[in-house]
Amino acid sequence: MRSFQFVSVSPSDNTPKADQRRLVRSNAASYQWSRQKKKRRRQRNSPVSDEEGTTHVGLTDDDAAEPTLLGASSPSEFSDVAEKHSNAQGVRDAKRSRSLISQSRMYLPSPQSIHQVVSPTDQAGQLMRFNVEYIIPRLVPEIQKGTPNPATDLWVRLAMEHTTLYKVWVHCVSVYYWALRGNFRQTALLLSTHSQALELLNAEMKHPSSACSDENILSVWGLAVHGWEPFPIPGRRGPTTGRMKHLQSLDRYSLMKFVPLHLDGLDALIQMRGGLTEIKLQGVAALISYTGLVEATKTITRPRWQFVPVCPVFTRLEDMDTVVHPSHPLANIGTGFSAIFSSSSAGQAQDFYTVLLDISSFTTILFSVHNGYQFPESVGGVADQRNHIHHALLSLPEDPYPAPSSVYERYYESTRLAAIIFSLLIIFPITSSAASFQMLASRLMAQLQRMETRIPSPEEMELHSWILFMGGIAAISCPERSWYVSRLAAISQEFDLSSWEDVKTMLERFLWLRSTNEIDGMSLWDEFQQVAVSPPPGQHELRNLIVHNT
C-alpha cells in the first residue's frame, strides 16, 4: 500500500510553496501509478508461458516477447535484461566497456540517498545504470579503438553531483527506453521526473552566474531532444536503409519528438555562451551539433549549428588515403558526375562537386568495412566522417539558379535532392517513419518538370536516369511513384535499358550501393519494364515528350 504525504494549507504554515507543489505533483503521480497497477491487476487472467518455459504473469504477448527493463527487480537482473537489449540491437561492443561500467557503479547509489526529490521507486537507479551501459557510450562513441570515450565517465560523475542534471538524465533514459521498445507510455516515473527537472532547471536559470554553465546547457539539451509525446507510427512501407542507422543511436533519436521551445532556448544559451566551441565539457558540443543535424534531416533544412567532431582531431576525406584499386567493386562510383560538374570552377560549384565526391568515397569505405576489407581506427572517427559529409550536403544552398544557363545549373537542384535521398538511404539513414522521403520525391518531381526544353546528351541522360531512380525509390508507397515509373519507362524504350546488370553498372557510376539499393532498385526496374513492354494508350507520345523536353 503506497503512503501519501499531506500538504498543509494553513495560512500560518511556513513551508515554501515550491515544496508544497512538489508534494502535490508527487502525490498525483503516485496516485496515477497506483491506478495503473490496479487496472493491470484486474486484466490479469492466467500466466503466459514462453517457448523456454519462463512464466510471465499478467503480461500481454508483446510484453512477454521482449524483456522489460523497468520490470527488473535487482541490479543483476537489470544487467541481464540490458544485455538482451544490446544483443537484440546487434551491439557487439558491450564487453568493451565492462571496466568503465564497474568503475562507474560506485557513483550509482539509490537516488533516495542523494537527493531530496525522490522517484516513486528505485527505477531511477536502474535507468541510470542503463544510461551508463547502453546510451552514453553510443551517443559519444570511442575516440580510440577499444577505449571508451572519457566523456562517458565524466558525465556520470557530473550527474551524481548536479541534482538538475541527474533528474534530466533519468527523464531522458525513460524516453529512450520507450523508443527502444517502439511504443510510448506515460509512466509515473516519466511524469514526476519531467516536472521535477523543469522546476529545478527554472531555478538554475534564475542565477545569472550559472545560467549558461555546461551542466545547464546539457540539461536543456536533454529536455529539448527527449520530448515525451507518442512516437510516429509508420503509415506505409519505406525504402530499405543501410546499417549506419545504428551509429550514435540514430534510429532511436530520429523517432523522438524534439521540443521546439527547448531547442530555441538551447540555441539562445549557446549564443550567450559565444558558440558551441566555447563549451568546455567534453563531448557536449559534438552531441549538440549531432542533434541539430538530426533535426535538419527530419525537415530537410540547413542545420542550425555548426559541425563539431567527436574526436579531438578531425581528418577530412580529401586528406586521407582513399585511393581505390581498379579491381574494387566500387572503383567507378562517382565518376559519372565529372562530365557535368567537374568543369565548373566557381566556389559554389566546386563545393557541390566536392560533396558528391566525399559521398562517393565514404560509400566506398562503408562497403570495405562491411565486407571486411578494412577496419576503421575508431567508431568516433566513422561518426565524424558521416556527420561531416551529411552536414555539408544539407548546408548547400537550395535552388540558387532560378534561370539556369548551363548544364551544371540546370541539374544542380535535382542532383542535390537525389544526393540527399541517397544520404538518407546509406550515409545518414534515419528511421523511415521520421524521414521526409515523400516530400523529397515530390520536390524532385516538381524540379524535373520545370527543366527547360532541350535534347539531352548521353551523359546527361545517364544522370537523369540516376536521379529518376533515386526519386522512384523515395516514392515507394507514395502517389508520386507512378510518375517516376512512367518517365523511366520512356527512357528505357529510347536508350534500351532492358538489362538490369547494365542498369546497375550505370547507376554505380553515380551513387549506388548494391547491398542496400538492390531490392528497391530491382522492384522499380520491374515496374517500368512492364510499362515499357505494354504501354497504355498515349504512352508513345509521352515518351517522345520526355526524351525531347527534358
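Quick notes on this one:
- Taking the criterion of being open to solvent by 40 Å² or more (accessible area, probe 1.4 Å) and of a type in the set (S, T, N, Q), the residues of the range 394-406 that qualify are SER405, SER406.
- Flag if LEU287 is part of a helix (DSSP H, G or I) and closer than 16 Å to LEU218 by Cβ: yes
- Subset tally (residues that are under 21 Å from SER414 (Cα atoms) and part of a loop (DSSP other than H, G, I, E, B)) for the range 478-517: 9
- When residues of the range 147-170 are limited to those that are open to solvent by less than 10 Å² (accessible area, probe 1.4 Å) and touching a Leu at 6+ places or on another chain (Cβ under 7 Å), the one nearest to LEU127 (Cα to Cα): VAL170
- Selection over the range 407-425 of residues that are surrounded by fewer than 22 Cβ atoms within 10 Å (Cβ to Cβ) and free of Cβ contacts under 8 Å to residues at least 60 places away in the same chain gives a count of 2.
- If only residues of the range 397-435 that are out of contact with any Ser or Thr (no Cβ under 7 Å at 6 or more places or on another chain), under 19 Å from GLY471 (Cα atoms) and in a loop (DSSP other than H, G, I, E, B) are counted, the one that is modelled with the highest pLDDT is GLU398.
- Given (1) open to solvent by 10 Å² or more (accessible area, probe 1.4 Å); (2) assigned to a helix (DSSP H, G or I), index of the condition PRO456 fails: (2)
Matching residues to (1) in contact (Cβ under 8 Å) with a residue 60 or more places away in the chain; (2) surrounded by fewer than 22 Cβ atoms within 10 Å (Cβ to Cβ):
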residue	(1), (2)
PHE428	yes, no
GLN447	no, yes
MET461	no, yes
PHE469	no, no
ASP496	no, yes
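- Some residue of the range 212-231 being part of a loop (DSSP other than H, G, I, E, B), open to solvent by less than 70 Å² (accessible area, probe 1.4 Å), among the β-branched types (Val, Ile, Thr) and under 21 Å from LEU394 (Cβ atoms): no
- Contacts under 6 angstrom Cβ, first residue in the range 350-378 being free of Cβ contacts under 8 Å to residues at least 12 places away in the same chain and surrounded by 22 or more Cβ atoms within 10 Å (Cβ to Cβ), partner of a type in the set (Gly, Ala, Ser) and assigned to a loop (DSSP other than H, G, I, E, B), 6 or more apart: none
- Every residue from the range 252-284 that is part of a loop (DSSP other than H, G, I, E, B), open to solvent by 40 Å² or more (accessible area, probe 1.4 Å) and either in contact with an Asp or Glu (Cβ under 8 Å, 6 or more places away or on another chain) or of a type in the set (Lys, Arg) (or both): LYS280
The values are calculated or read from the model by the stated rules, or taken from the named source; none is laboratory data. Since the model is a prediction, treat every value here as computed from it, not as a measurement. All Cβ positions, even for glycine, are placed from backbone atoms using ideal geometry, and neighbour counts span all protein chains on display. Surface accessibility is based on the protein's heavy atoms, side chains included, excluding ligands, DNA and RNA. Shrake-Rupley method; radii C 1.70, N 1.55, O 1.52, S 1.80 Å.
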